[in-house]
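Q: First the structure, then my questions, so here it is.
The values are calculated or read from the model by the stated rules, or taken from the named source; none is laboratory data. Since this is a predicted model, take the numbers as computed values, not measurements. All Cβ positions, glycine included, derive from the backbone under ideal geometry; neighbour counts span all protein chains shown.
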Amino acid sequence: MVVVVEQNATEKDIEGIIRILNDFGFDVHRSTGVNQTVLGAIGVKPDFDTRQIEVLPGVAHAYRITEPYKLASRSFRQEKSVFKFKNCEIGGDSIVVMAGPCSVENEKQIFTIAESVAKAGAKFLRGGAFKPRSSPYAFQGLGEDGLKLMRRAADEFGLLVISEAMDSNQIEVVEKYSDIIQIGARNMQNYNFLRELGKSSKPVLLKRGLSATFEEWLMSAEYILSGGNQQVMMCERGIRTFETATRNTMDISAIPVIHAKSHLPIIADPSHGIGIRDKVIPMARAAVAAGADGIIVEVHNDPDHAKSDGAQSLFPNQFEEMMKQLRVIAEAIGRKIA
């Protein structure tokens with residue numbers, strides 16, 4: 001249930017509404033915008049009469065929302081969520097670019113890539129220290145040593161860090177070195193893991209599952225939000241379809257649909273979305289045109305010898321060209337590249 005508070009309601013009125021909702025057994029989450037306060041009342045009560053709330057002092061409207069994802073919905077927060085970092089913000093007018101290798105391989109590699117993507121205009125250095133690979137025999141990442149290298153390289157060139165945690169026991173170490181915790185597609189419905197991320201103080205980038213619907217994806221975000229972590233970003237990274245010409249099918253429609261359904265920012269990952277190097281830039285252009293709040297791509301200084309995902313990683317000069325093209329498209333739709 002969503003309770004819209006009157007604009008002239010006092011803090012005492014609002015506290016009274018929250019107390020009564022709690023008495024009825026609802027968990028209440030408060031959202032205060034520029035001109036309006038909205039209360040999200042969470043609880044499965046199919047027979048509850050909303051008139052019991054509408055008669056309270058300070059209540060403008062009380063109504064049920066059909067979406068099972070209460071905190072992620074536009075009904076709960078009409079304004080877009082904007083997450084601020086020390087050198088940029090995500091969800092505002094600017095489009096943020098995150099770039100780096102699939103896996104951190106060694107010091108020279110990550111420092112070389114960090115320098116090139118920073119020079120071209122990226123704000124975040126992405127890279128995997130813990131790698132979820134389909135084969136147990138493939139390169140699994142450098143672990144904490146890889147995170148240390150990423151942090152050093154990012155600090156050297158004025159970048160922020162985004163890296164993936166694969167399990168609850170990795171949250172603490174990834175938090176230590178990263179500015180954003182990435183959750184991969186295979187973990188989108190790992191609900192115990194998502195509950196633990198709800199306790200984290202770091203923003204979370206939640207990738208869409210390989211065959212997930214929009215509702216399933218947003219319900220996964222709801223697990224994190226309901227745990228107390230309000231800094232969740234969605235990431236469209238392609239879905240599995242019957243098509244075999246590309247690694248995945250990049251669902252560009254997810255960008256405007258998620259914006260309509262949710263206040264959460266959405267990032268596009270054309271590297272995984274298409275899986276073919278020469279198709280990454282066209283899909284990044286399309287994602288920006290569709291309204292993405294950010295782009296995350298894989299870049300490698302020697303992709304032909306990369307330990308993972310070299311075929312979908314851009315060369316540094318290709319990344320530089322992509323940034324030039326994205327700036328033109330962003331300007332055309334009234335935005336800019338951060």
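Q: Among the residues in the range 163-174, are any within 28 Å of Gly43 (Cα to Cα), part of a helix (DSSP H, G or I) and touching a helix residue (DSSP H, G or I) at 6+ places or on another chain (Cβ under 6 Å)?
A: yes
Q: Inspect all residues belonging to the range 68-78 and state whether any of them is outside the structural domain of Val299 (by TED's automatic domain parsing) and loosely packed, with under 14 Cβ neighbours inside 10 Å.
A: yes
Q: Okay, next question. Could you tell me whether any residue of the range 293-308 is in contact with a strand residue (DSSP E or B) (Cβ under 6 Å, 6 or more places away or on another chain) and surrounded by fewer than 24 Cβ atoms within 10 Å (Cβ to Cβ)?
A: yes
Q: Among the residues of the range 228-244, are any among the acidic types (Asp, Glu), closer than 19 Å to Met283 by Cβ and either in contact (Cβ under 8 Å) with a residue 60 or more places away in the chain or surrounded by fewer than 22 Cβ atoms within 10 Å (Cβ to Cβ) (or both)?
A: Yes - at least one qualifying residue is present in the range 228-244.
Q: Would you mind stating whether Ser211 is farther than 26 Å from Lys80 by Cβ and not charged (D, E, K, R)?
A: yes
Q: Limited to the range 18-44, what total is found for residues that are farther than 23 Å from Asn229 by Cα and touching a residue at least 24 places away in the same chain (Cβ under 8 Å)?
A: Result for the range 18-44: 3.
Q: A further question follows. Spot the failing condition for Ala114; the list is (1) under 19 Å from Pro203 (Cα atoms); (2) surrounded by 15 or more Cβ atoms within 10 Å (Cβ to Cβ), and only one is missed.
A: (1)
Q: If I go through the range 289-331 residue by residue, how many of them are of a type outside the set (D, E, K, R), over 24 Å from Arg247 (Cβ atoms) and free of Cβ contacts under 8 Å to residues at least 12 places away in the same chain?
A: Of the residues in the range 289-331, 1 are of a type outside the set (D, E, K, R), over 24 Å from Arg247 (Cβ atoms) and free of Cβ contacts under 8 Å to residues at least 12 places away in the same chain.
Q: Gln140: in a helix (DSSP H, G or I), over 24 Å from Gly33 (Cα atoms) and out of contact with any strand residue (DSSP E or B) (no Cβ under 8 Å at 6 or more places or on another chain), yes or no? Break it down stepwise before answering.
A: On the way: in a helix (DSSP H, G or I): no; over 24 Å from Gly33 (Cα atoms): yes; out of contact with any strand residue (DSSP E or B) (no Cβ under 8 Å at 6 or more places or on another chain): yes.
It is false that Gln140 is in a helix (DSSP H, G or I), over 24 Å from Gly33 (Cα atoms) and out of contact with any strand residue (DSSP E or B) (no Cβ under 8 Å at 6 or more places or on another chain).
Q: I've got another one for you. Identify the single condition in (1) in contact (Cβ under 8 Å) with a residue 60 or more places away in the chain; (2) within 30 Å of Phe76 (Cα to Cα); (3) not in a helix (DSSP H, G or I) that Asp251 does not satisfy, given that it satisfies every other one.
A: Looking at each condition in turn, Asp251 falls short on (1).
Q: Does the range 259-282 contain at least one residue that is closer than 21 Å to Ile181 by Cα, modelled with pLDDT under 95 and of a type in the set (S, T, N, Q)? Spell out the reasoning first.
A: Residues of the range 259-282 that are closer than 21 Å to Ile181 by Cα, as a first pass: 262-273.
Subset that is modelled with pLDDT under 95: none.
No.
Q: Within the range 309-331, restricting attention to residues that are at pLDDT below 95 and either surrounded by fewer than 18 Cβ atoms within 10 Å (Cβ to Cβ) or under 20 Å from the mean Cα position of the chain (by Cα) (or both), which residue is farthest from Leu125 (Cα to Cα)?
A: Ala311
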